[in-house]
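Structure, as structure tokens:
Please treat every number below as a calculation from the coordinates, not as lab data. Note that the structure is a prediction, hence the values are computed from the model and not measured. Glycine also receives a Cβ, built like all others from the backbone with ideal geometry; neighbour counts cover every protein chain displayed.
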Amino acid sequence: MAPGSDRSLSRRDNALFLLCVVLSIAMLLRPQFGNQIAGLVRLSVLRPFLWMQERAEQSRTSRGAFERLRAERDSAAHAAQFLSSLRDENQRLRSLLHLGARLPVPYVAAEVLHQSLPTDGRTLILSAGRNAGVRPFDPVVSAEGLIGVVRAVDAERSLAWTWTHPEFRASAFTIPGNVFGVVGPALQLTGSEQLLQLRGVAIRDSVPSGTLVITSGLGGVYPQGIPVGTVIGQGTEETGWERIFIVRPAANPENAAQVLILRSSADTSVARAFASDSTP
Amino acid sequence: MIAIRADRGRLWTVLGLLAVLQFAVRPRLGYPMVAPDFLLLALMLYAIRSRPGTAALAGFLVGLAGDAVVPARVGAGALAHTLVGYLAAWGRAVFFPDNLFINGLVIAFGVWVRNVVQLLASGPAAGGLTMQLLVWSPLQAISTALMAALVLVIFQRWLDIRLET
């Protein structure tokens, strides 16, 4: 090859490389631009591949979870023996207090499509979408506790932010309900354990280690009572205006294989909840 | 140095097979943080047979696909894969002798570098980088390198590699 031609090829290589780097940085600096492109790629080129992955996940979890599900079914069948009497008793007590029926929380079960990238776990692709009734801001939970919230939905799949995402927040309180705060990821560059922080706790309040933290229901995204984690210590707060508690999370998104998407109650009638109060 | 005279059709067949393995077989292996990354392996195999510019573009596209399925910070994956593709293509003269061990080592290093760049570009998150960079990334790099060795041995005629025995 002629030296001139080689130089021209080398210039073209460098130009292509720089163009790719500039485009990557542009997407990093303009997340909206990047998210639009990522959404287009997900819905077009990657669609058959994600379909393939969904089938593979279903195949793996259905085989792996069979024994566990059978054990859980046996336990559930045993517990269900007392369910009707408990339900009658609960209904009787609620009617004595003039309370309406408790609102049910509808849900959709979904598989988690894990990826090979190191940031997998901050966001998750779930195998249920708009066709299954999933909508943005629906909470995502596993058997252990809170996983995250749905942020984007397409017809067959949805994208969830987990509690490890830097922008995740949820209102929470400690059992027995005397300390409220906002839960978010404990952001750190070094460290080996994924932890949460309970921030915004009044300086007069203290929370002993081992206290359970659950969602408070404030804010309207997460229903009350989803386990978030357990307090393991107190963090340092530089300004001294609040207390921060370190929380060990109840559920790990990186290990979640199957989750429940709690459908928001916007499409559920709340009339039953007010029946006993509003009827003259 | 690897002779770059592989039949392009056969190369694309191997790359396509790796893409299918990534989505159809990898989920069945379990342990997503440790399982081999077939897409990065495909990128490295392509990069060592291409000019640096083309390899960078291929890396950008593979990274963009990764960002589309893990959009924690869109652009971080594209940047990391662009760098790995470009460096793999530039370094092939130095780092890609026909030795299975060296090939595996370089691919493992590529996985680790990709993870470092992507994690740094994505910013801090819960858990920090220590566990990711010192435990999960090396384990993923090793599993990918082992898979690379297997692919190179099985498809050495198709990829036109003369491996030392």
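Overview of results
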read-out	value
Amide H contacts of A:Tyr107 (H built 1.01 Å from N, under 5 Å, at least 5 apart or other chain)	A:Arg263
Extension gain from A:Gln234 to A:Gln58, taking 0.36 nm per residue of separation minus the Cα-Cα distance	59.3 nm
Burial ordering of B:Tyr31, A:Tyr107, fewest other beta-carbon atoms within 10 Å first	B:Tyr31, A:Tyr107
3J(HN,Hα) from dihedral phi, the range B:104-117, Karplus parametrisation 6.51/-1.76/1.60, rounded to Hz, x for glycine, proline	x, 4, 5, 5, 4, 5, x, 4, 5, 4, 4, 5, 4, 5
Per-peptide average of other Cβ atoms within 10 Å, ordering B:11-22, A:158-169, A:231-242 highest first	A:158-169, B:11-22, A:231-242
Sorted by Cβ density within 10 Å, fewest first, the residues A:Glu67, A:Glu156, A:Glu111	A:Glu67, A:Glu156, A:Glu111
Whole-Hz ³J(HN,Hα) from phi, Karplus 6.51 cos²θ - 1.76 cosθ + 1.60, for the range A:203-217, glycine and proline x	5, 7, 8, 9, 10, x, 4, x, 6, 7, 10, 10, 5, 8, x
Separation of the B:Arg157 and B:Leu139 label points, Cα + 7 Å toward Cβ, nm	3.8 nm
Compactness of the range B:8-154 as Cα Rg over 2.2 N^0.38 Å, two decimals	0.98
Other protein chain Cβ atoms within 10 Å, averaged over every residue that makes up A:104-116	4
3J(HN,Hα) from dihedral phi, the range A:154-166, Karplus parametrisation 6.51/-1.76/1.60, rounded to Hz, x for glycine, proline	10, 4, 10, 9, 9, 10, 10, 8, 9, 5, 7, 5, x
Neighbour-count ranking [beta-carbon atoms within 10 angstrom, fewest first] of A:Asp88, B:Asp98, A:Asp13	A:Asp88, B:Asp98, A:Asp13
Residue mean of other protein chain beta carbons inside 10 Å, B:44-57	3
Ordering of B:33-45, A:129-141 by packing [mean C-beta count within 10 Å, highest first]	B:33-45, A:129-141
Estimated inter-spin distance, A:Ser10 and A:Ser84, nm [label 7 Å along Cα→Cβ]	8.6 nm
Share of alpha-carbon pairs per 10 Å distance bin for the protein assembly as shown, given as whole %	4, 18, 26, 23, 14, 8, 4, 2, 0, 0
Average other protein chain Cβ within 10 Å of Cβ, residues A:39-46	4
Inter-label distance, nm, simple model (7 Å from Cα along the C-beta direction), A:Ala26/A:Leu69	4.7 nm
Listed peptides B:70-80, A:204-214 by packing density, highest first (mean Cβ within 10 Å)	B:70-80, A:204-214
Nonlocal amide H pairs with A:Gln234, under 5 Å, H built at 1.01 Å	A:Ile246
Cα point-scatterer Debye curve for the range B:95-159, base-10 log of I(q)/I(0) at q = 0.13, 0.22, 0.25 Å⁻¹	-0.42, -0.86, -1.00
Residue-averaged [θ]222 nm for the protein assembly as shown, counting only DSSP H segments that reach four residues, each worth -39500 (n - 2.57)	-15000 deg cm²/dmol
Potential extension, A:Glu193-A:Leu43 segment - 0.36 nm per residue separation minus Cα distance	50.6 nm
